[in-house]
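**Q** Below is one structure. I have some questions about it.
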Amino acid sequence: MPQNEYIERHRKLHGRRLDHEERTRKKAAREGHKQSENAQNLRGLRAKLYAKQRHAQKIQMRKAIKQHEERNVKGAPAEKEPSEAVPAYLLDRANPTTAKALSSQIKNKRAEKAARFSVPIPKVRGISEEELFKVVKTGKKVQKKGWKRVVTKPTFVGPDFTRRPVKYERFIRPMGLRYKKANVTHPTLNVTVQLPILGVKKNPSNPLYTQLGVLTKGTIIEVNVSDLGIVTASGKIAWGRYAQITNNPEIWLVVDESVFPAMDMRPSGEEGETRGDALAGQSTGGRG
């Protein structure tokens, strides 16, 4: 092997780092911030050269995007008066040309697909961990051990939920803030029914909130609609459908469904999940 190629030799012998792809992805993600910083801070001749370089890069990027979006679609050419007599069998024939454009059919399909998975509230305010969690200090040295957290928002834990041992439980979900059922409003029928919650699909604020089953505004949940007798296109009874919470669950839990119609979700009476009970369970540490 030639001299000074020790890096390639080491890579062939031992491979790359285990997080090489992740580091490469993060480095590429930081490029935009670096370019923005240079554009704002460079002065003089360096700024002119950098602006010229970025201008050329943007032109190439726009060309690449345009070429990527274009598709070959056959279309009839502009009609021109023939200079000579045309045979009868050629009168109705149009010579197709290749045009650079996206067909309207592809555009419509994309628009329909995007509308199918749209949600009633596309953007919601993020909830910080300081707002969601309350620090609980336990142990002999109380001033040092503050690693436990009490969830101060409504949650869903499921029927087979079993708490971890107290010594290893980091997140405490009070009983007074656990929801199991929801009053769901059908948008077209304008009826409200009480349906059980099957699970929390996604909380837009944080993946950790999804794992804990936290119910906040904008959260996508799954409800059991089998009692409504809704039938799918294949003739089977629909079991669960997704819905989105459209207001603050602590006050009044309202849900809108996108795939299945909009749903209005409120705490069920049997669990005593009113705001007063929730705050009482929160203050006492409500352990299940």
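The values are calculated or read from the model by the stated rules, or taken from the named source; none is laboratory data. Given the structure is predicted, the values throughout are model-derived calculations rather than measurements. Note that we place each Cβ from the backbone using ideal geometry, even for glycine, and neighbour counts take in every protein chain shown. SASA here: full protein model, heavy atoms, side chains in, ligands and nucleic acids out. Shrake-Rupley method; radii C 1.70, N 1.55, O 1.52, S 1.80 Å.
**Q** Count, please, the residues in segment 145-159 that happen to be open to solvent by 40 Å² or more (accessible area, probe 1.4 Å) and modelled with pLDDT of 90 or more.
**A** Adding up the residues that qualify gives 1.
**Q** Same structure again: Anything in segment 1-51 that is of a type in the set (A, V, I, L, M, F, W, C) and either touching a Lys or Arg at 6+ places or on another chain (Cβ under 8 Å) or part of a helix (DSSP H, G or I) (or both)? List them, or say none.
**A** In the first step, residues of segment 1-51 are kept if they are of a type in the set (A, V, I, L, M, F, W, C); the result is 1, 7, 13, 18, 28-29, 39, 42, 45, 47, 49, 51.
Matches in segment 1-51: Met1, Ile7, Leu13, Ala28, Ala29, Ala39, Leu45, Ala47, Leu49, Ala51.
**Q** Going by what's in this entry, would Phe171 be described as surrounded by 14 or more Cβ atoms within 10 Å (Cβ to Cβ) and in contact with a helix residue (DSSP H, G or I) (Cβ under 9 Å, 6 or more places away or on another chain)?
**A** yes
**Q** Out of segment 160-208, which residues are in contact with a Phe, Trp or Tyr (Cβ under 8 Å, 6 or more places away or on another chain), part of a loop (DSSP other than H, G, I, E, B) and among the basic types (Lys, Arg)? Break it down into steps so the answer makes sense when it comes.
**A** So the first thing to find is which residues in segment 160-208 are in contact with a Phe, Trp or Tyr (Cβ under 8 Å, 6 or more places away or on another chain), and the list is 170-171, 178-180, 197, 199-201, 203.
Adding the requirement that they be part of a loop (DSSP other than H, G, I, E, B) leaves 170, 179-180, 203.
Across segment 160-208, the qualifying residues are Arg170, Lys180.
**Q** Which one of these does Ile251 not meet: (1) within 17 Å of Ser128 (Cβ to Cβ); (2) surrounded by fewer than 17 Cβ atoms within 10 Å (Cβ to Cβ)?
**A** Going through (1) within 17 Å of Ser128 (Cβ to Cβ); (2) surrounded by fewer than 17 Cβ atoms within 10 Å (Cβ to Cβ) one by one, Ile251 breaks only (1).
**Q** Answer yes or no: is there a residue in segment 218-229 that is open to solvent by 40 Å² or more (accessible area, probe 1.4 Å), modelled with pLDDT under 60 and either more than 25 Å from Pro174 (Cβ to Cβ) or part of a loop (DSSP other than H, G, I, E, B) (or both). It would help to see each step written out before you state the result.
**A** Applying the first criterion (open to solvent by 40 Å² or more (accessible area, probe 1.4 Å)) to segment 218-229 yields 222, 227-229.
Restricting the remaining residues to those that are modelled with pLDDT under 60 gives none.
No; the residues of segment 218-229 include none that is open to solvent by 40 Å² or more (accessible area, probe 1.4 Å), modelled with pLDDT under 60 and either more than 25 Å from Pro174 (Cβ to Cβ) or part of a loop (DSSP other than H, G, I, E, B) (or both).
**Q** Scan segment 125-136 and tell me whether some residue there is in a loop (DSSP other than H, G, I, E, B), at pLDDT below 90 and open to solvent by 60 Å² or more (accessible area, probe 1.4 Å).
**A** Yes: segment 125-136 contains one or more residues that are in a loop (DSSP other than H, G, I, E, B), at pLDDT below 90 and open to solvent by 60 Å² or more (accessible area, probe 1.4 Å).
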